[in-house]
1. Can you tell which of B:Leu113, B:Leu171, B:Leu118 is within 16 Å of ligand 1 (Cβ to nearest atom) and crowded, with 17+ Cβ neighbours inside 10 Å?
2. Among (1) modelled with pLDDT of 85 or more; (2) within 16 Å of ligand 2 (Cβ to nearest atom); (3) in contact with a Leu (Cβ under 7 Å, 6 or more places away or on another chain); (4) not basic (Lys, Arg), there is one condition B:His206 misses while meeting the rest; what is its number?
3. Just to be sure I understand, how many residues within the range A:189-208 are of a type outside the set (A, V, I, L, M, F, W, C) and assigned to a helix (DSSP H, G or I)?
4. Going by what's in this entry, would A:Ile87 be described as modelled with pLDDT of 90 or more and either touching a Lys or Arg at 6+ places or on another chain (Cβ under 7 Å) or within 16 Å of ligand 1 (Cβ to nearest atom) (or both)?
5. Among the helices (runs of 4 or more DSSP H) lying completely within the range B:129-224, list those that include at least 3 residues that are more than 30 Å from B:Glu6 (Cα to Cα) and touching a residue at least 24 places away in the same chain (Cβ under 8 Å).
6. If the Cβ limit is 6 Å and pairs must be 6+ apart or interchain, which residue in the range B:58-72 that is more than 16 Å from B:Ser11 (Cβ to Cβ) pairs with which residue that is in a helix (DSSP H, G or I) and within 7 Å of ligand 1 (Cβ to nearest atom)?
7. How many residues, within the range B:65-76, are within 8 Å of chain A (Cβ to nearest Cβ), hydroxyl-bearing (Ser, Thr, Tyr) and part of a loop (DSSP other than H, G, I, E, B)?
8. Can you report the number of residues in the range A:64-83 which are part of a loop (DSSP other than H, G, I, E, B) and under 25 Å from A:Gly159 (Cα atoms)?
Amino acid sequence: MSSVEQLVRPGVGAGLADTFRSRFLLKLLVRKELKVRYRGSVLGLLWSYVKPGVQFLVFYLALGVFLGLNKGTENYAVYLFSGIILINFFSEALGNAARSIVGNGGLIKKIYLPRELFPVASVWVSGVHFFPQLVVLVVACVFSGWHPSLLQLAAAVAGFVIVALLATGLGLFFGAVNVYFRDFENIVDLLLMVVTWASPVLYVWTMVRNTLGSAFFTVYQANPITIAVEIYHYAFWYPTTSGTAQLPPHLVEIWLPVGLAVSLAVVFIGQFTFRRLEGRFAQEL
Amino acid sequence: MATAIEVRNISKQFVLRHTRSLKEALVWLLKGRRGDLSQKFFALHDVSLTVEQGESVALLGFNGSGKSTLLKHISGVMTPDSGTVRTRGRVAGLIEVGAGFHHDLTGRDNVYLNGAILGMSEEQINERFDSIIEFSEIGEFIDTEVKFYSSGMYLRLAFSVAVHTDPEVFLVDEILAVGDEPFQRKCIAKIKELAAEGKTLVVVSHDLDLIPQICERGVLLEKGRVVLDGPVEEVVGELRRR
Ligand SMILES: Nc1ncnc2c1ncn2[C@@H]1O[C@H](COP(=O)(O)OP(=O)(O)OP(=O)(O)O)[C@@H](O)[C@H]1O
Ligand SMILES: [Mg+2]
């Protein structure tokens, strides 16, 4: 018998590191989500291409052509869409992660497993749904004469990482506190409603700078979502334009690392809170 | 023999009334934490229990005496307010068969998902897959979504996955009454086989005729306290007298 093994305290995990160790289970949880989502539909995952495709066409026609926003911002539909897919990703990831612990309560109170898996799986699933939207965006960009540099492509990857980390950190935090007070579900919904407007998705960043002044603008700009959205404009929209539009200064050299740092800090806070609260999940659920 | 489970003076208090609303909690805090939000009771009170490797122990007691709560502490699902729990080797807590089964997935997907939840690796599941199916006698229904299973079939598959996880320590809570008569016998035979192989078992069951067939030692819980710990016949006899 394995008497070489030590006596250990059960139910003490290693936090996010455990999700890496249990990556097989993580994979199965993600696959389960996807299977359940598209169960009984003939087109299956193809739907996640159709929806953003139609969304883009609507933007292009209704906003760009009919409302004439193309006159103010070149390729307005591409501009809007490149920001919106990040917001979609963030909203889905955080919304589901915040509900993931309560949603999996039946399991959590019966079997011990690293509970971080649930918020992380939620973010992962949203990442899978992000991909088709990205494909639609790239197709739209190519049709608009996209010619990105390597730096712009690398920045786009970093932008995604910023949002994924932020969603994971906030997902851990709200997922944990939601067990104690279900009010936090509504707080998350509120937050997600504000997020779209707190970043230059529908409007242009210069409008904010001109109204807020540079001090407040720095605060506005420190929001990781704002940074990521601007990076997406820089990577996808900007290379389709004539290049006369003004980009936020120091976007890649300063703001991109700031965004990563803020998101990482949020992951640490989220993980810390989660670990403080997870000991009582089983009895509170 | 080495110790498999060591429970030392653990206590666990639960609140009688949970609140899920911030408003209620704020009002309660503003009132200086008075009122019914804070009412607590001991679900486990200074419980100590040492189980050696290879022992099979029955946890007995009336409804609400704290048996499931104790198992949850051993499996790590709950942590005690005071005292310590330590275990050696992998522990499988079969608190309820089928926890972690998803109705919209097929039997096959559920075997993988549930196996991974109970701590098996991909290779282990691949390796034991045929044996799991054979034991469950599910046959051709394995690729049917489990929501179309009869409740007995569902339990068979779940039980079959659970006994194939091959941990050092098995915690079994009320899952012996699975399926029809023949399958139930098969389950009990399997549990006995595990015990004979030298696995550590902690079994909760209200079936007082069955318990002495599986376990040698009995522990009687009453209102969160251990009141008797000895040979299983003695403890079952005591419980019957109450
Ligand atoms: N999460 C919880 N919050 C509050 N009270 C709880 C919680 N879990 C269990 N209890 C209470 O703790 C007591 C012991 O419960 P437990 O489930 O351990 O009993 P048991 O011995 O398994 O009973 P049974 O034979 O009915 O299965 C019960 O009074 C129950 O109401
Ligand atoms: Mg019970």
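1. Every option except B:Leu171 fails the conditions.
2. (3)
3. Step one: list which residues in the range A:189-208 are of a type outside the set (A, V, I, L, M, F, W, C), which gives A:189, A:196, A:199-200, A:203, A:206.
Still in the running and assigned to a helix (DSSP H, G or I): A:189, A:196, A:206.
Residues flagged as of a type outside the set (A, V, I, L, M, F, W, C) and assigned to a helix (DSSP H, G or I) within the range A:189-208 amount to 3.
4. no
5. Filter on the range B:129-224 gives B:151-163.
6. From residues that are more than 16 Å from B:Ser11 (Cβ to Cβ), the pairs are B:Leu59/B:Lys67; B:Gly61/B:Lys67.
7. 0
8. We begin by selecting, within the range A:64-83, every residue part of a loop (DSSP other than H, G, I, E, B); these are A:67-68, A:73-75.
The next check asks that each one be under 25 Å from A:Gly159 (Cα atoms); those that pass are A:73-75.
Total satisfying the criteria: 3.
The values are calculated or read from the model by the stated rules, or taken from the named source; none is laboratory data. This is a predicted model, so every value here is computed, not measured. Cβ coordinates were reconstructed from backbone atoms using ideal geometry, including for glycine residues, and neighbour counts include every protein chain displayed.
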